[in-house]
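Computed from the coordinates by the stated procedures, all read-outs in this text should not be read as laboratory data. The structure presented is a predicted model; accordingly, all values stated were derived computationally and were not measured. Please note: Cβ atoms are built from the backbone with ideal geometry, for glycine as well, and neighbour counts cover all protein chains shown.
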Amino acid sequence: MVTDLGGFAASTFKRGIAFINLPTTLLAMIDASVGGKTGINFCGLKNEIGVFRNASTVFLDTQFLHTLDRPNLLSGYAEMLKHGLISDHQHLTKLLQFDILHPDLCLLQQLVEHSVTVKEGIVLQDPQEHGLRKALNLGHTVGHAFESHALATHHPVLHGFAVAWGLVCELYLSIKRFNFPRDIFYELQSFVRDHYGRFPLDCRDYDRLYELMTHDKKNTAGIVNFTLLGDVGDIRINQIATKEEVFDMLDYYREN
Ligand SMILES: NC(=O)c1ccc[n+]([C@@H]2O[C@H](COP(=O)([O-])OP(=O)(O)OC[C@H]3O[C@@H](n4cnc5c(N)ncnc54)[C@H](O)[C@@H]3O)[C@@H](O)[C@H]2O)c1
């Protein structure tokens, strides 16, 4: 939160001053402090106001995580799982085997560095999200809707938990549309269930969740646009799903 808020303040004060990020949560190390997105929530919607501006330097040191509570550690780890899914099988396997509940922080430092390299590689090619950077939205179309809905109903959830549940939903869509490997999906699904539990979903929430997805700033004219995968590292951006497909996905999530 501090890198988003501090970065936004620095980016707008006197039309922008330089800033350095020293992230102390796993989520900030992996995601929020790199890539140049800064922003604040507005009118109950996530990151509605913000600018792109890179920190001049980012220091990454997992020793800060000694004191971080487990939910916040898991929250950051969800973004690492996403980076594993959009990069390669070997990295994803390492992540699914790593004991994040009792982390070896030296080993985690190596995983963090690799994870940040995945993000940087994408951001460098597409800093302002016109194409490839949308890969980083995997899990986030549904995740942001879950997060906003949870906030609106006074049961807020951590960003990474919503992303983890969103990854399961969007990989289900990836199976339907691109035959994403089922064995990897089931492995990821059970990891998410064991570590993050479940988003409490009710059929009566579907319309509101769908509306939130269409309001996501990455979508236009009431269309829901997903980033999906054909396989690990096989990224398919700009995938439009119908309301029926979205409801089917939510049915799957609720029933499984
Ligand atoms: N800009 C981006 O690209 C981007 C990407 C991902 C997430 N985000 C945003 O980041 C926000 C979440 O940020 P966050 O996960 O860094 O959480 P946070 O800043 O809210 O911190 C979570 C809690 O951990 C505490 N804390 C921080 N470091 C600690 C440490 N080392 N030991 C013990 N406690 C510590 C904080 O005081 C706070 O209570 C969300 O709003 C999300 O939307 C932005």
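Points to keep in mind about this one:
- Once divided by 2.2 N^0.38 Å, the Cα radius of gyration of region 117-256 becomes 1.00.
- Alpha-carbon radius of gyration plus Dmax, which is the widest Cα pair, for region 5-133 in Å: 15.2, 47
- In Å, descending, principal axis extents of the Cα set of region 118-174: 38, 23, 17
- Counting other Cβ atoms within 10 Å as a rough exposure proxy, the listed residues 213, 249, 80, 1 run 1, 249, 213, 80 from fewest neighbours to most.
- Computed over the chain: relative contact order in percent, which uses C-alpha pairs under 8 Å that are six or more apart: 17
- Legend: distances between Cα atoms for 82/176; 46/82; 94/243; pairs beyond 28 Å are 94/243.
- Residues 201, 74, 96 in ascending order of nearby Cβ atoms (within 10 Å, fewest first): 96, 201, 74.
- Two-decimal log10 I(q)/I(0) for the chain, as the Debye equation yields it once each C-alpha is a single scatterer, q = 0.07, 0.14 Å⁻¹: -0.22, -0.94
- Between 80, 128, 142, the Cα set farthest toward the positive side of the dipole of region 70-256 (charges on each charged residue's Cβ, about the Cα centre) is that of 128.
- Cross-link reach is defined here as a Cα-Cα straight distance under 12 Å, omitting same-chain residues fewer than 8 places apart; for residue 119 the aspartates and glutamates meeting it are 31, 79.
- Within-13-Å neighbourhood charge of residue 54 [Cβ basis; K, R +1; D, E -1]: +2
- Counting only Cα atoms, region 69-113 measures 28, 19, 17 Å along its principal axes, largest extent leading.
- Pairwise label distance in nanometres, residue 247 with residue 9, each label 7 Å out on the Cα-Cβ vector: 4.6
- Among 51, 123, the ranking by other beta carbons within 10 Å of each residue's beta carbon, starting with the fewest, stands as 51, 123.
- 3J(HN,Hα) from dihedral phi, region 132-139, Karplus parametrisation 6.51/-1.76/1.60, rounded to Hz, x for glycine, proline: 3, 4, 4, 4, 6, 7, 3, x
- Efficiency of FRET from Cβ geometry, residue 24 and residue 104, R₀ 22 Å, rounded to 0.05: 0.75
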